[in-house]
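Below is one structure, written out as structure tokens; the observations come after it.
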Amino acid sequence: MPIVARSDFQMSSTDETIAQLHSRSNTVFVVTTVTIILSSVFVAARLIVAFALSFAIDYGTTKGLGKHDVEIEPQWLPSLRKSEYAFTILYNPALMATKNSILIFYLRMSRNTQTVLRIASYVTLVVVNLAGVVLTFLNAFQCSPVRAAWTDGSNVKCLSIITLYSASAPVNIITDLAILVLPIPVLTGMRLPHRQKAILVFTFAMGIFVAIVDVVRIYYLQQASRDFDSAALKNSKLGTGEDFAYNASLAFMWSAVEVNVGIICACIPTLKPLMKRILPAMITDRTTKARTHSGEKYQSMSSQLGVSPQLFRMESIPQVSTPPQVALPPLSPMGVHSPSIDGGHNPAGHREEEEQMDMMDFLTTPAMRRTATVHTGATENTTYFGFVNMKKPKSMMKTHGKESLKYCTMVTILFFLWGFSYGLLNTLNVAIAELANMSESQTIGLTSAYFGGYLLGPLTVGQWVLRHSGFKSTFITGLCIYGVGTLMFWPSAVLTSFPGFLISNIVVGFGLSVLETAANPFLALCGPTHHAEFRLLLAQAVQAVASLLSQLLAEKVLFAGISERPTLIDVQWTYLAVALFTVILSLFFYYTPLPEASDADLQAQSEHLEIYPTRKFPLTGISVIYTTLVFAVLSQALYVGAQECLSSFFTPLLDSRVPASETFTQIFTFTEDNWLLLGHGLFAIGRFLFAPLCLLFPPRTLLLISMICLTALSIPIFAIESLSPTAIAGLSLMVFFFEGPVFPIIFASALRGMGAQTKIAASALTAAVSGGSVFAFVMYGVQKSRSVQYSFVVFMVLNAVGMLFPLYLNFFGGEAVKHQVDPRDMRIGRGVWSRGDRREGDERPDTPIRRLSERVSFLVQKIAVRRKSSAELPVVEHRERKRGSGEEGGGGEEEV
């Protein structure tokens, strides 16, 4: 009876399990049916709309599309304008249908496994449809009344179709790139033979042709806009303007090519069965085929001999015995069948099913329970991306030497990127102000909007992604946001819209601030802790050089002929190139293994440095590290504000010293732009020179010297009106030089010893850059009431108040603060962090000359001695254990 009861209990539990498994049937059926119906609808819709679009263009060519005005018959004009109007309405729905079908295919592909791909596909789907609907209605109602789009009339208001298409181009580029890039990480992570994987990735990458065609289409749209006067372009309706049918014909043609090529690329992934029949060698992997053939031969031999296949196994391999289980229906939607109970095999049928399991089945199969296997000791220090095996990097806290140099060099690319963007934005804002006849306050507002993004990015997206996903995810997130911001400049430049440029600057600043939230602490933490200021100064120097190069490019190439032809087309192409570069850079960082630092690692490092959050000032009872952070954030905000004041009003200061009877070059020899380039060059040189000085002198001392020099040099600039123009220019250039090292030293010093709060502290220090959005307006207000020279009193006050932080580090904070911020050589010995090799009782003063001699001696020893040091060798400990009644056993125990 007990046995029967237990059997009944097992059967009932099994029935409950089966019922739970079958309870998903309705969900699977509904989702699968809905997605296949939607994809079929969109496939049919894209064909119908694309045919109508192409027919409208073909019909238009019979009525004069592509011809000059003198060749077009008057009776053709109504039909020509109707065909052009039909094209404008059908273009966006055709793109929507194609992209929707592809994205729904992605949703089917990721319905059970790929969460990130599914969420990103939904987001892209929303953007595609929202933008498509808006643009379709704008094209449909481009004129008031609507009939005015293809008929003549008075009191008509119309949007320029060329301007509208040019302004909407970035949306197409963003969605094209998203559709192209989204499946690549999923495909490269699949466990497939290399040939099949390469073909699969290449198949999906065919979508790059759509993006290429879109770029070609944009080029011809730009060419069409060049053929119209800028004022007439903004106010002309569809079909009007000199030689409109001729100038816009190639843009219409490439728009149709873009739609049709998109349909072709969307169909390519479904051609696998056809290619399998025509060129099976491209699909089938020889290694897999050989293994299948040998397996068939093995099964045939065992069946002919009547011997169990188990006997052919090596005796050294342990046999895993599993308890009998009740047969359940298959868990996978692939329909994989289990072998029968009698042990019969069907190798040919199994191979047939295996070949029929396509990519869709593989990607949509949920995770199944793992069968009992023998563990083969997989290595934990490798990362597999499908094509290559990369060594997984060690913790950021343990990198040194060549490893630290390699990773820091990779991340320095990001410093170059945002330095390039910052320099380009400064020059672009001035050019925009000239083209759009903006006031000086509006020009300052563009720069302030850029720094306003720094207040939002680090405190929202930046800190959250950094704390929850790490440095690599923060890099990729910042690059994506920055890429979208650069493409937003395109419609703003086409429309010459001040609100558009304002929003674009905010988004670009937001994206770069997210980047900087992770990049600055990465450089400070990746490597020996006592070289943090050195690494960050060098990386920030690269950023300054990039800013200088972008200004040279903008002034000598992009804006060289802006006075002759007031257009920003060249700048649009520059930002398009930057956006494409960010996509490539995002993929690069995705596939590059970078070291990470957990909060536990950061806290352990601080404790080994003997820096604790519980250490407080005796009198106030306030924590030392948090007091240091507050002073650093305040000083950082004031410094960046002063830096932007000098950058914005340096050339106006020099202009104010030029007499009315003379020109600027007669007084200063060089032009205003060249003087600004010279100042930014000295800014970069200051960072390069102070980097090695941080290895010899305490960074807090160098910071104090820089802030004292900034304050002292700014006093005569605003106070002495009788200074000669060359003296003011010389003092200003010296200010640029001493400004250079301030930001990196503040950041690295304040970050040291923050422990588990390091990432929060990095976000706060990055958000302090938003100080650049405030004080330029204050300085501008003083100029309006007094003079340009006197307004530099704001610059002096900012530096004087910002000097509180180095004074706190060197004098007011005491030994506790010096213990926190001063670099100390922490080396790894015997598996834990230990102090440097200074002996106990050594009370000799720690001078720069002594530190330099110690480092030189250490380098000489490293070069001369090629063997491992004793601190790096394993430690063997022998212990004797007593056995029995006082006898010593000989079984010593070794611990390594």
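Checking Y407, Y482 one by one, the residue that is over 15 Å from E644 (Cα atoms), crowded, with 18+ Cβ neighbours inside 10 Å, out of contact with any helix residue (DSSP H, G or I) (no Cβ under 7 Å at 6 or more places or on another chain) and modelled with pLDDT of 90 or more is Y407 and no other.
Within the stretch 397-432, take every residue that is touching a Phe, Trp or Tyr at 6+ places or on another chain (Cβ under 9 Å) and small (G, A, S) and give me the one that is nearest to K472 (Cα to Cα). Restricting to residues being touching a Phe, Trp or Tyr at 6+ places or on another chain (Cβ under 9 Å) and small (G, A, S), the top hit is S421. Using beta carbons and a limit of 6 Å, which pairs, at least six apart or on different chains, have the first residue in the stretch 790-815 and assigned to a helix (DSSP H, G or I) and the second one among the basic types (K, R)? Qualifying pairs under 6 Å: L809/R700; N810/R700. Elements of the type helices (runs of 4 or more DSSP H) sitting completely within the stretch 693-752 and holding at least 1 residues that are without any contact (Cβ under 8 Å) to a residue 24 or more places away in the chain, at negative phi and touching a helix residue (DSSP H, G or I) at 6+ places or on another chain (Cβ under 7 Å): these cover 699-719, 725-739. Could you check, for the stretch 675-692, whether at least one of its residues is touching a Gly at 6+ places or on another chain (Cβ under 6 Å) and hydrophobic (A, V, I, L, M, F, W, C)? Yes, the stretch 675-692 has at least one match.
Residues are listed down the side, and each one gets a yes or a no for (1) in a loop (DSSP other than H, G, I, E, B); (2) farther than 21 Å from Q540 by Cβ; (3) free of Cβ contacts under 8 Å to residues at least 24 places away in the same chain:
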residue: S448; (1), (2), (3): no, yes, no
residue: G462; (1), (2), (3): no, no, no
residue: L466; (1), (2), (3): no, no, no
residue: S473; (1), (2), (3): no, yes, yes
residue: L479; (1), (2), (3): no, no, no
residue: P499; (1), (2), (3): no, yes, yes
residue: N505; (1), (2), (3): no, yes, no
residue: F510; (1), (2), (3): no, no, no
residue: G527; (1), (2), (3): yes, no, no
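Restricting attention to the stretch 126-178, the residues that are in contact with a helix residue (DSSP H, G or I) (Cβ under 9 Å, 6 or more places away or on another chain), more than 26 Å from Y219 (Cα to Cα) and part of a helix (DSSP H, G or I) add up to 1.
Residues in the stretch 698-716 that are of a type in the set (S, T, Y) and under 37 Å from the mean Cα position of the chain (by Cα): T701, S706. Quick check on the stretch 666-674. Is at least one of its residues surrounded by fewer than 22 Cβ atoms within 10 Å (Cβ to Cβ) and within 28 Å of H819 (Cβ to Cβ)? Looking through the stretch 666-674, none of the residues is surrounded by fewer than 22 Cβ atoms within 10 Å (Cβ to Cβ) and within 28 Å of H819 (Cβ to Cβ). Looking only at residues of the stretch 242-262 that are modelled with pLDDT under 80 and surrounded by fewer than 22 Cβ atoms within 10 Å (Cβ to Cβ), we find that the one that is nearest to A167 (Cα to Cα) is N247. Among the listed residues E644, E662, which satisfies the condition of being charged (D, E, K, R) and surrounded by fewer than 17 Cβ atoms within 10 Å (Cβ to Cβ)? Matching residue, one of E644, E662: E662. One residue is enough: does the stretch 144-154 have a residue meeting the conditions surrounded by 18 or more Cβ atoms within 10 Å (Cβ to Cβ) and at pLDDT below 75? No, the stretch 144-154 contains no residue that is surrounded by 18 or more Cβ atoms within 10 Å (Cβ to Cβ) and at pLDDT below 75.
Just wondering, is there one or more residues in the stretch 772-789 that are more than 12 Å from C645 (Cβ to Cβ), among the aliphatic types (A, V, I, L, M) and either surrounded by fewer than 24 Cβ atoms within 10 Å (Cβ to Cβ) or in the same structural domain as L609 (by TED's automatic domain parsing) (or both)? No, the conditions are met nowhere in the stretch 772-789.
Can you tell me which residue is modelled with the highest pLDDT among those in the stretch 17-55 that are surrounded by fewer than 15 Cβ atoms within 10 Å (Cβ to Cβ) and small (G, A, S)? The qualifying residue modelled with the highest pLDDT is A44.
The combined condition, being under 23 Å from M253 (Cα atoms) and buried (at least 17 other Cβ atoms within 10 Å of the Cβ), is not fulfilled by R108. Residues of the stretch 56-98 that are surrounded by fewer than 22 Cβ atoms within 10 Å (Cβ to Cβ), assigned to a helix (DSSP H, G or I) and among the charged types (D, E, K, R): D58, D69, E71, K82. For E607, the conditions (1) free of Cβ contacts under 8 Å to residues at least 24 places away in the same chain; (2) under 17 Å from G755 (Cα atoms); (3) assigned to a helix (DSSP H, G or I) all hold with the exception of (1).
The values are calculated or read from the model by the stated rules, or taken from the named source; none is laboratory data. Just so it is clear, the structure is predicted and the values come from calculations on it, not from any experiment. Cβ atoms come from the backbone with ideal geometry, glycine included; neighbour counts cover every protein chain shown.
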